[in-house]
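Report on one structure; see the data block that follows.
The values are calculated or read from the model by the stated rules, or taken from the named source; none is laboratory data. Keep in mind that this is a model prediction, so the values were computed, not measured. Neighbour counts are summed over all protein chains in view; Cβ atoms, including those assigned to glycine, are modelled from backbone coordinates with ideal geometry. The area values use the complete protein model at the heavy-atom level, side chains included, leaving out ligands, DNA and RNA. Shrake-Rupley method; radii C 1.70, N 1.55, O 1.52, S 1.80 Å.
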Amino acid sequence: MTFAFQAEGLVKRFGATTALAGVDLAARPGTVLGVLGPNGAGKTTAVRILATLLRPDAGRATVGGLDVVRDADAVRRRIGLTGQYASIDEDLTGTENLVLIGRLMDLRTPDARARAAELLARFDLTEAAGRPARTYSGGMRRRLDLAASLVGRPDVIYLDEPTTGLDPAKRDDVWNMVRGLVDDGSTVLLTTQYLEEADALADEISVIDHGKVIAHGTPADLKRIVGGQTIVVRPADPAHLTQTGAILTEVSGHQVESPSRGVLTVPVPGDKAFTEVVRRLDAAGVSVVELSLRLPSLDEVFFTLTGHGTDKSPEEARA
């Protein structure tokens with residue numbers, strides 16, 4: 001199989017701390033690989049190695065078949081990188097930031113200006129193009145930073161927690177931009193702590209904890225790790241909750257839970273149980289406003305795999 005980028009057995013130590021302990025990552029061209037893990041898990045270290053900013057202590061990584069250590073200059077011409085925090089020059093305008101990057105990438109000035117104008121329009125920044133970046137909102141800075149990573153038309157784009165600090169609306173904007181990049185043929189490595197972000201964007205997900213990949217697969221594959229499915233029911237009449245709960249228990253053989261007011265859930269081994277629940281509710285004359293069969297959430301998967309959530313204390317992150 002041909003991979004847009006691939007890492008095999010990456011090891012990186014900082015003194016007595018092992019940030020990566022044999023990490024394998026790979027993505028097919030035109031897909032999004034989500035790298036999911038808490039603070040201190042090793043996500044950013046892996047990105048920095050793939051972006052030629054760090055040398056691994058062991059293992060190897062390639063981008064488009066080029067070794068990130070031996071062919072670092074050639075790799076840099078194929079990649080774009082957006083870090084956790086905007087790296088733009090706040091004293092320069094939006095246009096000046098992008099033209100500067102274009103010139104550093106050996107574009108002729110007219111070509112750099114044309115590319116800057118194209119990207120500013122794409123990310124809805126044309127009206128602000130002549131303003132210093134320090135006057136931009138957080139969402140605008142993030143869009144400019146993402147635009148900067150695309151000046152060289154990279155084949156592979158690394159997005160290291162690109163929505164950190166953004167409100168939900170701005171986060172949705174970035175998600176749409178990521179989808180647009182993939183539609184254009186780019187391959188994206190997306191690191192994130194937001195489980196719903198990985199679920200929404202990634203074709204495949206690698207879960208990293210304590211410097212190791214502890215699981216890999218599609219979002220659906222990972223959700224199956226928890227096992228089984230869950231039926232969710234919300235009766236139209238709250239007076240039918242007890243009757244509904246009895247039906248769910250009889251069909252599933254499991255204890256019914258109520259995660260929120262008026263909602264009942266129960267684990268089931270497969271979709272046949274769902275059909276039986278629908279039949280029994282109908283026979284009992286119980287109307288519902290919500291009835292679904294769902295796989296576990298990525299939150300549940302992550303907790304099952306690691307025994308903790310995606311947030312760690314600063315002490316744990318340093319460790």
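Brief remarks follow.
- Taking segment 251-319 as the region of interest, the helices (runs of 4 or more DSSP H) fully inside it that hold 2 or more residues being at pLDDT 75 or above and either in contact with a Lys or Arg (Cβ under 6 Å, 6 or more places away or on another chain) or closer than 27 Å to Ile205 by Cβ (or both) are 271-283, 298-306.
- Residue within segment 62-75 that is at positive phi, open to solvent by 20 Å² or more (accessible area, probe 1.4 Å) and without any contact (Cβ under 8 Å) to a residue 60 or more places away in the chain present: yes
- Filtered by the rule that a residue be open to solvent by 60 Å² or more (accessible area, probe 1.4 Å), part of a strand (DSSP E or B) and touching a residue at least 24 places away in the same chain (Cβ under 8 Å), segment 14-33 gives Thr18, Asp24.
- Answer residue from segment 213-234, given it is basic (Lys, Arg) and crowded, with 17+ Cβ neighbours inside 10 Å and is farthest from Glu290 (Cα to Cα) among those: Lys223
- Verdict on Val11 being closer than 23 Å to Asp73 by Cα, surrounded by fewer than 20 Cβ atoms within 10 Å (Cβ to Cβ) and aliphatic (A, V, I, L, M): yes
- Hits in segment 144-171 (condition: in contact with a helix residue (DSSP H, G or I) (Cβ under 7 Å, 6 or more places away or on another chain) and part of a helix (DSSP H, G or I)): Leu144, Leu146, Ala147, Ala148, Lys170
- Condition check for Gly102: closer than 29 Å to Ala21 by Cα and either at pLDDT below 95 or not aromatic (Phe, Trp, Tyr) (or both): no
- Considering only residues in segment 141-184 that are small (Gly, Ala, Ser) and closer than 17 Å to Phe5 by Cβ, the one that is most open to solvent (accessible area, probe 1.4 Å) turns out to be Gly152.
- So Arg60, is it of a type in the set (D, E, K, R) and assigned to a strand (DSSP E or B): yes
- Of the criteria (1) surrounded by fewer than 18 Cβ atoms within 10 Å (Cβ to Cβ); (2) closer than 30 Å to Val178 by Cα, which one Asp237 fails: (2)
- A count restricted to segment 73-125 and to residues that are under 17 Å from Thr52 (Cα atoms), over 23 Å from the mean Cα position of the chain (by Cα) and outside any helix (DSSP H, G or I) stands at 2.
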